[in-house]
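Notes follow once the structure below has been shown.
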Amino acid sequence: MPDTDGKGERSMHEHNDMLQENLEQPIIEVIGMHKWFGDFHVLKDINLKVIPQERIVICGPSGSGKSTMIRCLNRLEEHQKGRIIVDGIELTNDIKNIEKVRAEVGMVFQHFNLFPHLTILENLTLGPIWVRKTPKREAAEAAMRYLEKVRIAEQAEKFPGQLSGGQQQRVAIARSLCMNPKVMLFDEPTSALDPEMIKEVLDVMIDLAEEGMTMLVVTHEMGFAKSVADRVMFMDEGQIVEQNSPQEFFDHPQNDRTRLFLSQIL
Amino acid sequence: MITGSNTDAAQMKPPLRNIGVIGWLRENLFNNLFNSLLTLVTIYGLWLFVPPLIRWVFIDSLWFSSAEACRDIEGACWSIIPNNVSFIFFGFFPEGQQWRPLTAMLLLFALVFYSKNRKHWRQSLAIYWLLGLIVMGGLMHGGVFGMPVVETAQWSGFPLTLMLALFGMVGAYPLGVLLALGRRSKLIGIKSLCVVYIELIRGVPLISLLFMSSVMFPLFLPEGVSFDKVLRAQVAIILFAAAYIAEVVRGGLQAIPAGQYEAANALGLSYAKTMRLIVLPQALKIVIPPSVGILISAFKDTSLVVIIALYDVLKTTKVTLSNPQWMGYSSEAYLFLAVLYFVCCYAMTSYSRRLEKELHAGH
């Protein structure tokens, strides 16, 4: 165990250097973003800068707007005020820009949302073939590589309904990876899973983090936040209340609401 | 000892009174006093009704006789069918040319049969159909390879029924899917257009549409311009069936969870690709049973074209019955028609059931 810790620390150090270098060109920039559902003000003045390779964990009570916020980043939800710039493209009503951004931003959902009428392999190759125009065989080869990476290659010909929840979520992660995204958004990826399956999904996410993927993760898995995140963000009532390095965040929370939340879940 | 008795118990047969014929009878027909009574009444009813029916249909009946011979019998005179088969099936299609609609129909059956196998659902299938349609059209209309031209006014009987139903459905399905998508559109203009269309069409009977197509529609056309009557009836049937299909497909679309759209969007798929690759394949599979229901009613509704003086298979049968020689044998003729319609409709339902099972196999 100490061995892996040492290695983790060293790579962490390199990782931080890398972040310093990337500081000037954020991959995602959100400036003064607001969103309403009808009259309900879900997101209030969100400002956020994500630099390449950064790992951000977003937590907060339910209804705090954390899912809505990351869903705004690939325009699954529309924001009404402020600016969102992803990979140099501002999200507006221009559908072509939206599709461009979505192709570069992978998303993993709480309920997996695999396509039940397609095999696992077809689920994975659909995006590359139809969006990226990758030749079929090439797409299938890449898909098999990613399935191996999430340790599920032997299920390639099955249908989603034949897999367990944990397996389905790993397939969903592989499906996003097949698009070679620059950023991955995770919307409570383990909340719908049985306890014994959470670990297999988190392990895949940790692998991904170690390879330098830029990740925004909405989760209640505080262990994951502690070991993987560069920054932990606490949201409540549509605002980012507090953000800090995991160590500071968990050991010295500044805000009362953060303290209350942490006391409830830890 | 205990283990021994357990194995015995596992292999023991159920008591005799619960299995076999007697068991079945006890279980299903005589399990209490009221049901026993019902069983007896039913048996009595069958005994009254079935033997005379069998005598009428099979024993006292004539199958291949002249009309005169039928005058002296008590049973059914099935001879009306073989004696008039060419008129019932092909109506006013000129004598001596009737091999043409027959070949066209056989070709159609062959194509339908070939299309049944899902392995054949490839691009080549569309080409076969296109070729088949050209050949069928050529056969029916003539004017090529020395075949005399037969105007559509003379197309009648069973080929007309089949044509109106099949092309009605083939035309109505895509239109219905578009209408369903339009009705769910966020664009107010498209949405209201589709809603108005669907509700208008569903609000009137098919007969009124057929009337409009044959009586009103020509009034709006400039002098000298006219559309073929069969084509107009065909269009009316397509427009009618499309409105119903739209509502059925809309039901299927509503059954697709929002997560499917979101996942497709998140991959960067456009609206059209999301629909084509993700949503419609799932939605259309759900609506196979009600779609087949519409197909069946469209098939039967084609008999309404008599109202605009088209001679479908029902009308040609009626004409046969108005022949003094064969007057009075309407039970036989209509029974024959009923069997004909039933065979076609049953083929459709049984295929839809098979398709449902096949498409469900994977997940």
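For every residue, the table says whether it meets (1) assigned to a helix (DSSP H, G or I); (2) open to solvent by less than 70 Å² (accessible area, probe 1.4 Å); (3) in contact with a strand residue (DSSP E or B) (Cβ under 6 Å, 6 or more places away or on another chain).
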| residue | (1), (2), (3) |
| --- | --- |
| B:THR103 | yes, yes, no |
| B:LEU108 | yes, yes, no |
| B:VAL112 | yes, yes, no |
| B:SER124 | yes, yes, no |
| B:LEU131 | yes, no, no |
| B:PHE145 | no, no, no |
| B:PRO148 | no, yes, no |
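Tell me yes or no: at least one residue of the stretch B:286-295 is part of a helix (DSSP H, G or I), within 14 Å of chain A (Cβ to nearest Cβ) and open to solvent by 50 Å² or more (accessible area, probe 1.4 Å).
Yes, the stretch B:286-295 has at least one match.
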If you check B:ILE256 against the conditions, is it under 24 Å from B:GLU356 (Cβ atoms), free of Cβ contacts under 8 Å to residues at least 40 places away in the same chain and within 14 Å of another protein chain (Cβ to nearest Cβ)? yes
Go over the candidates B:LEU239, B:LEU267 one by one and state the one that is free of Cβ contacts under 8 Å to residues at least 12 places away in the same chain and either open to solvent by less than 70 Å² (accessible area, probe 1.4 Å) or more than 30 Å from A:LEU73 (Cβ to Cβ) (or both). B:LEU267
Pairs with Cβ under 8 Å, 6+ apart, first in the stretch B:24-41 and without any contact (Cβ under 8 Å) to a residue 60 or more places away in the chain, second in a helix (DSSP H, G or I) and basic (Lys, Arg): B:ARG26/B:ARG17
Which count do you get for residues in the stretch B:84-101 that are open to solvent by 80 Å² or more (accessible area, probe 1.4 Å) and touching a residue at least 40 places away in the same chain (Cβ under 8 Å)? 1
Out of (1) without any contact (Cβ under 8 Å) to a residue 12 or more places away in the chain; (2) under 26 Å from B:LEU209 (Cα atoms); (3) not polar (S, T, N, Q), the odd one out for B:VAL339 is which? (2)
Please work out if A:GLY38 is small (Gly, Ala, Ser) and over 26 Å from A:ILE206 (Cα atoms). yes
Of everything in the stretch A:47-60, what is of a type outside the set (A, V, I, L, M, F, W, C) and surrounded by 17 or more Cβ atoms within 10 Å (Cβ to Cβ)? Give them in sequence order. A:PRO52, A:GLN53, A:GLU54, A:ARG55, A:GLY60
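Residues checked against (1) touching a Cys at 6+ places or on another chain (Cβ under 9 Å); (2) surrounded by 14 or more Cβ atoms within 10 Å (Cβ to Cβ); (3) within 18 Å of B:ILE238 (Cα to Cα); (4) not assigned by TED's automatic domain parsing to the domain that holds B:ILE307:
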| residue | (1), (2), (3), (4) |
| --- | --- |
| B:PRO174 | no, no, yes, no |
| B:LEU178 | yes, yes, yes, no |
| B:CYS194 | no, yes, yes, no |
| B:PRO205 | no, no, yes, no |
Could you list, in sequence order, the residues of the stretch A:211-228 that are in contact with a Ser or Thr (Cβ under 8 Å, 6 or more places away or on another chain) and not β-branched (Val, Ile, Thr)? A:HIS220, A:GLU221, A:ALA225
How many of the residues in the stretch B:263-298 are farther than 15 Å from B:LEU359 by Cβ, aliphatic (A, V, I, L, M) and modelled with pLDDT of 90 or more? 10
Within the stretch A:70-188, which strands (runs of 3 or more DSSP E) (wholly inside it) include 1 or more residues that are surrounded by fewer than 18 Cβ atoms within 10 Å (Cβ to Cβ) and within 13 Å of chain B (Cβ to nearest Cβ)? none
From the list B:LEU335, B:LEU359, B:LEU310, exactly one residue is touching a helix residue (DSSP H, G or I) at 6+ places or on another chain (Cβ under 8 Å) and either exposed (fewer than 15 other Cβ atoms within 10 Å of the Cβ) or within 18 Å of B:PHE158 (Cβ to Cβ) (or both). Which is it? B:LEU310
Cβ pairs under 7 Å, 6+ apart or interchain, first in the stretch A:123-149 and closer than 19 Å to A:VAL108 by Cα, second in a helix (DSSP H, G or I) and among the polar types (S, T, N, Q), ordered by first then second residue, are A:ALA143/A:THR125
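The values are calculated or read from the model by the stated rules, or taken from the named source; none is laboratory data. Please read all numbers here as calculations on a predicted model, not as lab measurements. All Cβ positions, glycine included, derive from the backbone under ideal geometry; neighbour counts span all protein chains shown. In case anyone asks, the SASA skips ligands and DNA or RNA and just uses the protein heavy atoms, side chains included. Shrake-Rupley method; radii C 1.70, N 1.55, O 1.52, S 1.80 Å.
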